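Participant: Below: one structure in structure tokens.
The values are calculated or read from the model by the stated rules, or taken from the named source; none is laboratory data. Only a predicted model underlies this, so the values are computations on that prediction, with no experimental measurement involved. Quick reminder, even Gly has a Cβ in these numbers, built from the backbone with ideal geometry, and neighbours come from all protein chains shown. Note: accessible area is taken over every heavy atom of the protein model, side chains too, but ligands, DNA and RNA are not part of it. Shrake-Rupley method; radii C 1.70, N 1.55, O 1.52, S 1.80 Å.
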Amino acid sequence: MSFWSWIASHYEEKGPMKWLAFFCELLASAALFALMVMTCVDVAGRYFFSHPLKGGTELTEIGVAVVVFAAMPVVTWRGGQIVVDLIDTWLSQRWLRWLNTLAIILIALSFYYVGGRIFELAERSLRRGIVTDFLSIPTGYVIYYIAVMSWATAVGVVLYGLYKRYFLHGSMKKEANI
């Protein structure tokens, strides 16, 4: 199987969204692989050589941030997040659509606002020269990454909401009329 046919069979997204999803998942999987290798090296160093990996905790924290915030936009625009439908049986479809729209607006605005605040923290961190304790990695760049991916998640929430509202429900209405 060629790379292009593999991409076509594994990614439902169209156009640039397909490549953005591929890039985000590639970044998350590379970071997860690096975390796995780093953990193995740390454990082997700790138990066989009595010398753990220096800065392993810092690298783990950064790696987890990379994995989580790389996967978050993809999970969001695919609608893969956990949904609890406790009140769906009691409300009409009209109320559910209204609540869904309200939730999408609130979640997108929240991610946008949080991304802005995190971006300000990243600027402040770089301005003050804050680095990690052992490896002296500037934390501001990781914080910038978190802010940008929070904004990407906000966009993903809106895209998923539009898709669910206009394409998914639109196709359901068309099927009901047939």
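Participant: What are the trypsin sites (Lys or Arg not before Pro) within the stretch 1-109 that DSSP puts in a loop, where the Cβ has at most 14 other Cβ atoms within 10 Å?
Facilitator: Answer in residue order: Lys14, Lys54.
Participant: Would you mind checking the radius of gyration and Dmax of the stretch 106-150 based on alpha-carbon positions, in Å?
Facilitator: Rg then Dmax for the stretch 106-150, in Å: 11.7, 39.
Participant: Between the stretch 96-147 and the stretch 1-77, what is the C-alpha centre distance in whole Å?
Facilitator: Value for the Cα centre distance between the two parts: 20 Å.
Participant: Could you tell me the accessible area of Thr76 in Å² (1.4 Å probe, neighbours in place), rounded to the nearest ten?
Facilitator: 20 Å²
Participant: Hey, another quick one. Report in % the part of the accessible area of the stretch 1-150 that belongs to carbon and sulfur, leaving out ligands and nucleic acids; probe 1.4 Å. Write down the numbers at each step before the final one.
Facilitator: Working: 7270 of 10480 Å².
Result for the stretch 1-150: 69 percent of the exposed heavy-atom area is carbon or sulfur.
Participant: Could I ask something else about it? Using the heavy atoms of the protein chains and a 1.4 angstrom probe, tell me the accessible area per residue for the chain in square angstrom.
Facilitator: Details: 12580 Å² over 178 residues.
For the chain, the per-residue accessible area is 71 Å².
Participant: By how many degrees, between 0 and 90 and to the nearest 10, does the Cα long axis of helix 56-77 differ from the longest principal axis of the chain?
Facilitator: Result, in degrees: 10.
Participant: Counting pairs on different chains as well as pairs 8 or more places apart, how many Lys pairs in the chain have Cα atoms under 29 Å apart?
Facilitator: Here the count comes out as 8.
Participant: Assigning unit charges at the beta carbon (Lys, Arg +1; Asp, Glu -1) and nothing else, what dipole magnitude in debye, to the nearest 20, does the chain show about its Cα centre?
Facilitator: About 500 debye.
Participant: Output the 0 to 90 degree angle, nearest 10, between the alpha-carbon long axis of helix 16-48 and the longest principal axis computed from the alpha carbons of the chain.
Facilitator: 30 degrees
Participant: Let me ask you something else. Helix 139-162 versus the longest principal axis of the chain: what is the Cα-based angle in degrees, 0 to 90, to the nearest 10?
Facilitator: 10 degrees
Participant: Along the charge dipole of the chain, which of Ser125, Leu159, Val66 sits closest to the positive end, that is, farthest toward it, with unit charges on the beta carbon of Lys, Arg, Asp and Glu (+1, +1, -1, -1)?
Facilitator: Looking along the dipole axis, the top candidate is Leu159.
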